[in-house]
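Each reported figure results from applying straightforward, stated rules to the coordinates on display, with no laboratory input. Keep in mind that what you see is a predicted model, and the values were worked out from it rather than measured. Here the Cβ positions follow ideal geometry from the backbone for every residue, glycine too, while neighbour counts run over all protein chains shown.
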Protein chains: 2
Amino acid sequence: MKARVIVTLKNGVLDPQGQAIEGSLASLGFAGVAGVRQGKVFDFEVEGTDAETARSQINAMCDKLLANTVIENYSVEISN
Amino acid sequence: MKARVIVTLKNGVLDPQGQAIEGSLASLGFAGVAGVRQGKVFDFEVEGTDAETARSQINAMCDKLLANTVIENYSVEISN
């Protein structure tokens with residue numbers, strides 16, 4: 001099965017990288033863009049055919065390695 | 001409107017970061033994970049109410065700043 005994990009900063013956590021991108025977009029002439037936040041995405045294949053098992057394994061992977069749950073949220077999408 | 005841009009490496013482009021993550025997952029005991037690819041996600045607000053206008057502006061932003069279209073693909077999601 002294919003899985004996509006999206007890791008984003010929690011609300012209230014400062015995102016200097018996002019602010020830099022917002023400034024760059026403004027200086028390139030793109031007006032009206034606000035609140036830029038940068039996150040990470042992980043695409044991978046997992047073995048098995050049971051989506052529930054895969055989801056619990058992926059949640060464990062996020063908690064242990066892919067996300068810093070103190071400052072980051074994650075969401076998991078699974079497709080066949 | 002809210003927009004989410006997902007930038008991923010094109011097929012065939014080496015992803016050492018993804019390989020490192022795959023190795024770390026294996027050494028943490030997560031078996032059966034393959035083909036890890038890391039990408040970037042950008043969340044932001046755009047002014048206006050016309051989704052088509054917003055989409056063409058965001059495509060221009062991706063081409064100019066957010067993605068390196070030589071080695072990266074991007075996808076754009078817009079919601080109200």
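Rounded, prolate or oblate: which fits the protein assembly as shown when a ≥ b ≥ c are the square roots of the eigenvalues of the alpha-carbon gyration tensor, with rounded for a/c under 1.5 and prolate only if a/b beats b/c?
In terms of gyration-tensor shape, prolate.
Hey, for A:T69 with labels 7 Å out along Cα-Cβ, what do the inter-copy distances come to in nm, ordered shortest first?
4.0
Please express the Cα-Cα pair-distance distribution P(r) of the stretch A:2-79 as a list of whole percents, one per 5 Å bin, running from 0 to the bin with the greatest distance.
3, 14, 21, 16, 14, 12, 10, 6, 3, 1
Helix A:51-61 sits at what angle to the longest principal axis of chain A, using alpha carbons and giving 0 to 90 degrees rounded to 10?
Around 60 degrees separate the two axes.
Would you give the gap between the C-alpha center of the stretch B:16-35 and the C-alpha center of the stretch A:30-80, rounded to a whole Å?
Answer, in whole Å: 15.
A:K10: which lysines have alpha carbons under 18 Å from its alpha carbon, excluding same-chain residues fewer than 8 sequence positions away?
Partners found: A:K40, A:K64, B:K2, B:K40.
Along the stretch A:15-28, what does the Karplus equation 6.51 cos²θ - 1.76 cosθ + 1.60 (θ = phi - 60°) give for ³J(HN,Hα), rounded to whole Hz, x for Gly and Pro?
Karplus values, whole Hz, x for Gly and Pro: 10, x, 5, x, 5, 5, 5, 4, x, 5, 4, 4, 6, 7.
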